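Let me begin by presenting the structure, written as structure tokens, before commenting on it.
The values are calculated or read from the model by the stated rules, or taken from the named source; none is laboratory data. Keep in mind that what you see is a predicted model, and the values were worked out from it rather than measured. Backbone-built Cβ (ideal geometry, glycine too); neighbour counts: all protein chains shown.
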Amino acid sequence: MNEPSSANSKGGFTILKRYFRRELLPLLADLRLAIVLLLAIALFSVSGTVIEQGETLAFYQANYPEDPALFGFLSWKVVLTLGLDHVYRTWWFLALLILFGSSLTACTFSRQLPTLKAARKWNYYTQPRQFEKLALSAEVDGQPANAALANLSQVLQTKRYLIFQDGNSLYARRGIAGRIGPIVVHASMLIVLVGSIIGSMTGFFAQEIVPSGQTFQIQNIFDAGPWAKSQIPKDWSVHVNRFWIDYTPEGAIDQFYSDLSVLDQQGNEVDRKTIHVNEPLRYHGVTLYQADWGIAGLRFHFNNSPKFDLPMVQLETGGKGRLWGAWIPTNPDLSDGVSVLARDLKGTVFVYDGGGSLTATIREGQSAEVNGVQLSIDEIIGSTGLQIKADPGIPVVYLGFGLLMIGVVMSYVSHAQIWALQEGDRLYLGGRSNRAQVTFEREILSVLETLQPIPHPENEEQGDKTSDRTPSPSMQ
């Protein structure tokens, strides 16, 4: 009872296999399809660079309004509906990568590997008429049997050809790396695609604003792949030992630094580094970049009181610079107080009374009398802005790009082939090359010059006749 079902399944598999070989495989291996896919991937990659990725809904509503829509159609609804806010993790972008990878794989197995196999397999020409199909061929005569063939073998060995000989037939090749190069290029592009997919599915991006002296764990995740949960560290944290800014003599920011310590679950320091822009901290596949800064708070005291830490908030200035402010009560019942403002971490605080008038300018370590009390500024507490990324696919992508450069160099190596046949005192010679045709033709001419007939003593007086036999290649 099961025999018809088994036969039907085998027949269906055979039909499917035949369809794949005859229809689907040639379509995937088509160069035009690969070019279209590559252009589409490039286009959407550009859109992912131009359109900010992983921002909030309010950000897209503010920057991509419906009226007027950017370019007449690009509104925040279009951005979110098409997934342009996280292009590299959308199903359709990953589908493009997979389809392009399938095209490269099909081309490799249907074209590149057979070409390499044919290039590595030597064959001999046994008939003079076989040389007629070569673009570059010639005849040399006047030498004893097999003498020209032996001389040719020696000459080609000096030119780094690999020689194969069977009786009076010879085959030589050089530059097989030129045939391997395209395969390496295809393999490297596949590796890059795999690395990109791994990064998209398992990577994450986070931002943290941390005051100097505090410890944090990565929690503020802005963008993450569906399998990124395993990459977010839970067994270690980061302590900001100190944050500071170096200023130029003109007062502009020169560089800002964060002294960071990585702590294990017991609070022991397992790594430490001072980071700045373009010099991040890397630990267990997670990279912490110095990206921003701010003012977290103000440390002060009144007269001989203990020190107080007061948070400061960034004020809206309408694009006229960055400013942080706070209100400090000067009476225990909070009936009176002063406003303090700071623009940077240089240590200067501006004090304003209830009417908005500037009453004092105090630097760190100094004090001034306000509302009948002595206000002392101990420290302006800075906060470091960190961008935190994890992309497990980066090593794979780097490997792919390294192989890509090697494969491109290999592809420029010329693959040259030479055939020769000795019949009596006549030598038939021909060859072809996949590139550098002029250089190869000159090489063949130099080989022919070394194979010119050697005059015998009894024919020395007929030197003029020998010179008439100088070989020359024929373009067919």
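Within region 424-440, take every residue that is out of contact with any Pro (no Cβ under 7 Å at 6 or more places or on another chain) and of a type in the set (D, E, K, R) and give me the one that is farthest from Gly175 (Cα to Cα). Full working, then the answer.
First, the residues of region 424-440 that are out of contact with any Pro (no Cβ under 7 Å at 6 or more places or on another chain): 424, 426-427, 429-440.
Filter again for of a type in the set (D, E, K, R), leaving 426, 432, 435.
Values: Arg426: 28, Arg432: 12, Arg435: 11 Å.
So, considering only residues that are out of contact with any Pro (no Cβ under 7 Å at 6 or more places or on another chain) and of a type in the set (D, E, K, R), the one farthest from Gly175 (Cα to Cα) is Arg426.
Please go through region 104-138 and pick out each residue that is within 30 Å of Ser196 (Cβ to Cβ) and touching an Asp or Glu at 6+ places or on another chain (Cβ under 8 Å). Spell out how you get there, then give the answer.
From region 104-138, those within 30 Å of Ser196 (Cβ to Cβ) are 104-116; that's our starting set.
Within region 104-138, no residue meets the criteria.
To keep it simple, each residue is scored yes or no on (1) acidic (Asp, Glu); (2) in contact (Cβ under 8 Å) with a residue 60 or more places away in the chain; (3) outside any loop (DSSP other than H, G, I, E, B).
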| position | (1), (2), (3) |
| --- | --- |
| Ala360 | no, no, yes |
| Glu369 | yes, no, yes |
| Ile377 | no, yes, yes |
| Ile381 | no, yes, yes |
| Thr384 | no, yes, yes |
| Ile388 | no, yes, yes |
| Val397 | no, yes, yes |
| Ile406 | no, yes, yes |
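Residues in region 89-109: is at least one assigned to a helix (DSSP H, G or I), touching a Gly at 6+ places or on another chain (Cβ under 7 Å) and either free of Cβ contacts under 8 Å to residues at least 60 places away in the same chain or outside the structural domain of Phe222 (by TED's automatic domain parsing) (or both)? I'd like the intermediate steps shown before the answer.
Of region 89-109, the ones assigned to a helix (DSSP H, G or I) are 89, 91-109.
Keeping just the survivors that are touching a Gly at 6+ places or on another chain (Cβ under 7 Å) gives 89.
Those still in the list that are either free of Cβ contacts under 8 Å to residues at least 60 places away in the same chain or outside the structural domain of Phe222 (by TED's automatic domain parsing) (or both) too: 89.
There is at least one residue in region 89-109 that is assigned to a helix (DSSP H, G or I), touching a Gly at 6+ places or on another chain (Cβ under 7 Å) and either free of Cβ contacts under 8 Å to residues at least 60 places away in the same chain or outside the structural domain of Phe222 (by TED's automatic domain parsing) (or both).
Do we find that Leu82 is touching a strand residue (DSSP E or B) at 6+ places or on another chain (Cβ under 9 Å) and either surrounded by 14 or more Cβ atoms within 10 Å (Cβ to Cβ) or in the same structural domain as Ile35 (by TED's automatic domain parsing) (or both) in this structure?
Working: touching a strand residue (DSSP E or B) at 6+ places or on another chain (Cβ under 9 Å): no; either surrounded by 14 or more Cβ atoms within 10 Å (Cβ to Cβ) or in the same structural domain as Ile35 (by TED's automatic domain parsing) (or both): yes.
Here the answer is no, as Leu82 does not meet what is asked.
Select from region 222-235 the residues that are surrounded by fewer than 17 Cβ atoms within 10 Å (Cβ to Cβ) and either aromatic (Phe, Trp, Tyr) or not in a loop (DSSP other than H, G, I, E, B) (or both) and list them in ascending order.
Phe222, Trp227, Lys229, Ser230
Can you tell me which condition Leu345 does not meet? The list is (1) outside any loop (DSSP other than H, G, I, E, B); (2) surrounded by 14 or more Cβ atoms within 10 Å (Cβ to Cβ); (3) not assigned by TED's automatic domain parsing to the domain that holds Ser230, and all the others hold.
(1)
Just give me the residues in region 303-326 being assigned to a strand (DSSP E or B) and surrounded by fewer than 16 Cβ atoms within 10 Å (Cβ to Cβ), in sequence order. Break it down stepwise before answering.
Keep residues of region 303-326 that are assigned to a strand (DSSP E or B), which gives 308-311, 313-314, 324-326.
Phe308, Asp309, Leu310, Pro311, Val313, Gln314, listed by residue number.
Just to be sure, is Gln53 among the polar types (S, T, N, Q) and not in a helix (DSSP H, G or I)? Write out each step before concluding.
On the way: among the polar types (S, T, N, Q): yes; not in a helix (DSSP H, G or I): yes.
So Gln53 passes the test.
Of everything in region 194-244, what is in contact with a helix residue (DSSP H, G or I) (Cβ under 9 Å, 6 or more places away or on another chain) and of a type in the set (A, V, I, L, M)? Give them in sequence order.
Val194, Ile197, Ile198, Met201, Ile221, Ala224, Ala228, listed by residue number.
Output the residue which, of all residues in region 170-186 that are among the small types (Gly, Ala, Ser) and buried (at least 18 other Cβ atoms within 10 Å of the Cβ), is nearest to Pro128 (Cα to Cα). If you could, list the steps in order and put the result at the bottom.
First, the residues of region 170-186 that are among the small types (Gly, Ala, Ser): 172, 175, 177-178, 181.
Checking the rest, the ones that are also buried (at least 18 other Cβ atoms within 10 Å of the Cβ) come to 172, 175, 178, 181.
Working: Ala172: 17, Gly175: 26, Gly178: 28, Gly181: 33 Å.
Across region 170-186, the extreme among qualifying residues is Ala172.
Among Glu458, Glu449, Glu443, Glu423, which is buried (at least 19 other Cβ atoms within 10 Å of the Cβ), out of contact with any strand residue (DSSP E or B) (no Cβ under 7 Å at 6 or more places or on another chain) and either assigned by TED's automatic domain parsing to the domain that holds Leu170 or at pLDDT 50 or above (or both)? Reasoning before the result, please.
Values: Glu458 fails: buried (at least 19 other Cβ atoms within 10 Å of the Cβ); Glu449 fails: buried (at least 19 other Cβ atoms within 10 Å of the Cβ); Glu423 fails: buried (at least 19 other Cβ atoms within 10 Å of the Cβ).
So the residue among Glu458, Glu449, Glu443, Glu423 that is buried (at least 19 other Cβ atoms within 10 Å of the Cβ), out of contact with any strand residue (DSSP E or B) (no Cβ under 7 Å at 6 or more places or on another chain) and either assigned by TED's automatic domain parsing to the domain that holds Leu170 or at pLDDT 50 or above (or both) is Glu443.
Step by step: first the residues of region 110-147, then only those that are part of a loop (DSSP other than H, G, I, E, B) and either small (Gly, Ala, Ser) or in contact with a Cys (Cβ under 9 Å, 6 or more places away or on another chain) (or both), then the one that is nearest to Gly430 (Cα to Cα). Which residue is that? Steps first, please.
At the first step, the residues of region 110-147 found to be part of a loop (DSSP other than H, G, I, E, B) are 121-127, 134-135, 142-146.
Filter once more, so that each one left must be either small (Gly, Ala, Ser) or in contact with a Cys (Cβ under 9 Å, 6 or more places away or on another chain) (or both): 135, 142, 145.
Working: Ala135: 8, Gly142: 18, Ala145: 18 Å.
Among those that are part of a loop (DSSP other than H, G, I, E, B) and either small (Gly, Ala, Ser) or in contact with a Cys (Cβ under 9 Å, 6 or more places away or on another chain) (or both), it is Ala135.
Within region 99-122, is there a residue that is in contact with a Phe, Trp or Tyr (Cβ under 9 Å, 6 or more places away or on another chain), of a type outside the set (D, E, K, R) and at pLDDT below 90?
yes
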